[in-house]
Amino acid sequence: MKIFYGVQGTGNGHISRARIMANRFNELGIKVDYLFSGREADKFFDMEPFGDYQVRKGMSFSSKDGDLALFSTLKQVEIRKFWKDVKSLDLSGYDVVLNDFEPISAWAAKRQGIPSINISHQAAFMQDIPSKGAKWADKKILKYFAPCQHNLGVHWYHFGANIIPPFIEAPEKLECKDNKIMVYLPFESLEQIKLLLADFCDYQFYCYHPDITEDKDEEHIKLRKLSRSGFKQDLCDSKGIIANAGFELSSEALCYGKRILLKPLNGQFEQASNAYTLELMGLASVMPSLNFDSVETWLAQNNGGRVIFPSDPQPLINWIMAGDYHNTQPLLKSLWAQVQFPEQVENKLSRKVA
């Protein structure tokens, strides 16, 4: 079987999920070709597992100071170039197209009649699950941004829908430094983040941000440039994390047993829904804006708990290779049997589904 894999490059969550799949494909000797869009080619890093991958402009979303910038988002869309990329992508030699919210490969597969599978967090919101703030335009984007024949959602719980859990590689040893807090708010102003944390001198804040070009310590605020290895290490031994409400990082924080404080990107219903869901589950606290009192209250709490997710995507790959994409129940049963929630969370979820 020859596989094409389209991955949305905006943010790092889609890429992290694809990287776990790519590592397993490589171990199995399965040939997969990758396309990434939504980010400039020189902004990708740690891409070795993907081999000789393609990069196209595609479409992505712009933000400013923690808000979704709708005008800037629409302004940067180049419809003619996008459609040219769709028509020039030849998928005739492929058996199936896997897609993680990547529009060029999805539309190309649709035009050429190639089987396509949307395996993404966004696909979960096309089903009946908890959500918050979804407008008419949001629902249309979900439906038409990267349309595929089959939709397999990825979420923290199945909610009785066609959804699989995330694959998270937990470290062998988890440490916890009581005064160390990880901060990753890439959609917020770096200066506003520093102002927010300035008075919490009893804590060490390790702050990663795309505007940081070199590591630098400003007293108790440790500024760190983006680095996958450094980021993972600081996440592993932190007490908790303050972050936007992206799916992949929240999943890692849950699997590592970290306390979580989320500030969703304003105007982005997916992040609002993520924060809403984790708050309902009792696994995170939420602040609608960067707020001193919210941080102070969260630091004094001891909420959260560890969630065990599967780390090996082998069952999913077996399902993909089998080619029976309408039959998902054995796959769902196999993967959710591996998930372990804190007892109080499991009780809440059981009542929700019932």
When the chain is treated as a GNM, springs tying every alpha-carbon pair under 10 Å, which of Ala284, Ala22, Ala322 comes out with the largest mean-square fluctuation? Ala322
Label point 7 Å beyond Cα of Asp211 along Cβ direction - residues of the range 174-202 with amide nitrogen under 15 Å: 184-198
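As a check on your grasp of the helix formula, calculate [θ] at 222 nm for the chain: sum -39500 (n - 2.57) over DSSP H runs of n ≥ 4, divide by the residue count, round to the nearest 500.
Details: 14 runs with 131 residues, N = 354.
Dividing the helical sum by the residues of the chain leaves -10500 deg cm²/dmol.
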With a point put 7 Å past each Cα toward its Cβ, work out how far Gln127 is from Ser189 in nm, to one decimal. 4.1 nm
Apply 1/(1 + (r/R0)^6) to the Cβ-Cβ distance of Leu280 and Ala134, taking R0 = 22 Å, and write down the FRET efficiency to the nearest 0.05. 0.90
Before I look further, what does the chain give for accessible area per residue, probe 1.4 Å, in whole square angstrom? 46 Å²
Under 10 Å, Cα contacts only: if you run a Gaussian network model on the chain, which one of His220, His326, His209 comes out with the highest mean-square fluctuation? His326
Ignoring ligands, DNA and RNA, what percent of the accessible area of the chain is carbon or sulfur (1.4 Å)? 49 percent
Starting from the Cα of Lys43, draw a straight line to each of the lysines and keep only those under 16 Å, dropping any in the same chain fewer than 8 residues away. Lys57, Lys225
Using 0.36 nm per residue of separation minus the Cα-Cα distance, give me the extension gain between Ser289 and Ala337 in nm, one decimal. 13.6 nm
Using a 1.4 Å probe on the protein heavy atoms only, what accessible surface does Lys2 show? Give it in Å² to the nearest 10. 80 Å²
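Just the number, please: percent antiparallel of the DSSP beta bridges in the chain, rounded to the nearest 5. Walk me through the numbers before you get to the answer.
Details: 6 of 49 bridges.
Here the antiparallel bridges make up roughly 10 percent for the chain.
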Could you work out the local net charge near Phe247, counting Lys and Arg as +1, Asp and Glu as -1, over the other residues with Cβ closer than 12 Å to its Cβ? -3
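Using the Cα gyration tensor of the range 196-250, with a ≥ b ≥ c the square roots of its eigenvalues, what is the shape: rounded (a/c below 1.5), prolate (a/b larger than b/c) or oblate (neither)? List each step's numbers first, then the result.
On the way: a/c = 1.57, a/b = 1.21, b/c = 1.30.
It comes out oblate by the Cα gyration axes.
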List the residues whose amide H sits under 5 Å from the amide H of Ile260, counting only those 5 or more places along or on another chain, with H placed 1.01 Å from N in the peptide plane. Ile241, Ser285
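Under a Cβ-only charge scheme (Lys and Arg +1, Asp and Glu -1), can you give me the dipole magnitude of the chain about the Cα centre, in debye to the nearest 20?
Details: 41 positive and 43 negative charges, 255 e Å.
Charge dipole, the chain, about its Cα centre: 1220 debye, nearest 20.
The values are calculated or read from the model by the stated rules, or taken from the named source; none is laboratory data. Since the model is a prediction, treat every value here as computed from it, not as a measurement. Neighbour counts are summed over all protein chains in view; Cβ atoms, including those assigned to glycine, are modelled from backbone coordinates with ideal geometry. Protein only, heavy atoms only, side chains kept; ligands, DNA and RNA dropped before computing areas. Shrake-Rupley method; radii C 1.70, N 1.55, O 1.52, S 1.80 Å.
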